[in-house]
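To start, the structure under review is shown below, and the notes come after it.
The values are calculated or read from the model by the stated rules, or taken from the named source; none is laboratory data. Please read these numbers as outputs of a predicted model, since none were measured by experiment. Virtual Cβ from ideal backbone geometry, glycine too; neighbours counted across all protein chains shown.
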Amino acid sequence: MSGSLSGKMKQQVFAFSYKPGNSLLHRCPAIVKILIVPVLSVLIFMLPVWFSFGMIVLQLVVALALHFTLREIYSDLKVVFFYALMLAVVKLITLLVGGATGSWIETLYMLSKLLCMMQLASIFLRTSTSLELRRGFEIFGVNAVSQTLSLFVCFIPLVSKIWRQTEQAWRMRAGKNSIKKYAVLLPVFFSVGMKQAWNMARACLIRQTSSEQI
C-alpha cells in the first residue's frame, strides 16, 4: 500500500514546477532569462501572428528537447485550452441568440499569442529554480520591487503544487469530484497558500534586512 502511494506521489505533475536538467537553458543565468522573457513577450504581442505560430512550434520543439513530457506540457498549457473552450461556448450561445460574435479569426490569433506566452513561461520556470530566480531579481537590488517580483514568480509553481497535493489528499480519502470537494478543499487551499506566502515573505524580509546590515 505504501509503495503504491509513493508511486502515485512520484507521478504527480505540478504546473510550472522546476524540472532538473543540464541543458544550455538550465545553465543559463537566471538574469539573462529574466531579461529575455519581457522582450519576447512584447514581440509576441506586437509582431504579426505568424511570429506567434512560429514561436509555438519552436517552443514545442525546445520543450521536447528538454525532455518535458506531454503531461507536463499539457499541465502548463491546459488553462489556455479551457479558456478557448469557454470562449467557443460563449460565442456559440451568442450566435444562437442572434448576437454579434465578433471575428473567429481574431479570437484564434489572440489565443495563439496567449498559448505562445504560456509556453514561454513554462520553459522559463521549468528551467529555473526558485533560488536562481530570487538571486536573478536581486541583481536589480534587494528592495521591495525586486522582492515582490521574486515572490510572485516563485509562487506560481507553488500554487499548482499546493492544489495538486490537496486534491491528492482528497482522492486518498475516497473523495469524489463534486461541489462538496471544492467546498472542503478551497478553505484548506487558501489557508496553506497564505501560510506559504507568509513564510516566503518573511524569508525575503530577513534576507533584505541582512543585506542592509552588511
**Request:** Taking the options K176, K181, name whichever one is touching a Gly at 6+ places or on another chain (Cβ under 8 Å), at pLDDT 75 or above and more than 28 Å from L64 (Cα to Cα).
**Result:** K181
**Request:** Only residues that are modelled with pLDDT under 75 and either assigned by TED's automatic domain parsing to the domain that holds K161 or exposed (fewer than 11 other Cβ atoms within 10 Å of the Cβ) (or both): list them for region 10-29, please.
**Result:** K10, Q11
**Request:** Looking for whichever is out of contact with any Asp or Glu (no Cβ under 6 Å at 6 or more places or on another chain) and either outside any helix (DSSP H, G or I) or modelled with pLDDT under 80 (or both) here; the options are L111, L149. Which one fits?
**Result:** L149
**Prompt:** Just checking, how many residues over region 66-109 are touching a residue at least 40 places away in the same chain (Cβ under 8 Å), touching a Leu at 6+ places or on another chain (Cβ under 8 Å) and among the polar types (S, T, N, Q)?
**Reply:** 0
**Message:** Any residue that is aromatic (F, W, Y), at pLDDT below 80 and closer than 30 Å to L64 by Cα - is there at least one of those in region 76-95?
**Reply:** no
**Tally of residues being farther than 11 Å from L111 by Cα and surrounded by 15 or more Cβ atoms within 10 Å (Cβ to Cβ) across region 61-89** = 9
**Members of region 22-42 found to be touching a residue at least 60 places away in the same chain (Cβ under 8 Å) and not hydrophobic (A, V, I, L, M, F, W, C), listed by number** = S23, H26, P29, K33, S41
**Subset of region 43-52 that is touching a residue at least 60 places away in the same chain (Cβ under 8 Å) and not polar (S, T, N, Q) - its residue that is farthest from E106 (Cα to Cα)** = I44
**Prompt:** With F51, F140 as the choices, which residue is at pLDDT 80 or above and within 26 Å of A30 (Cβ to Cβ)?
**Reply:** F51
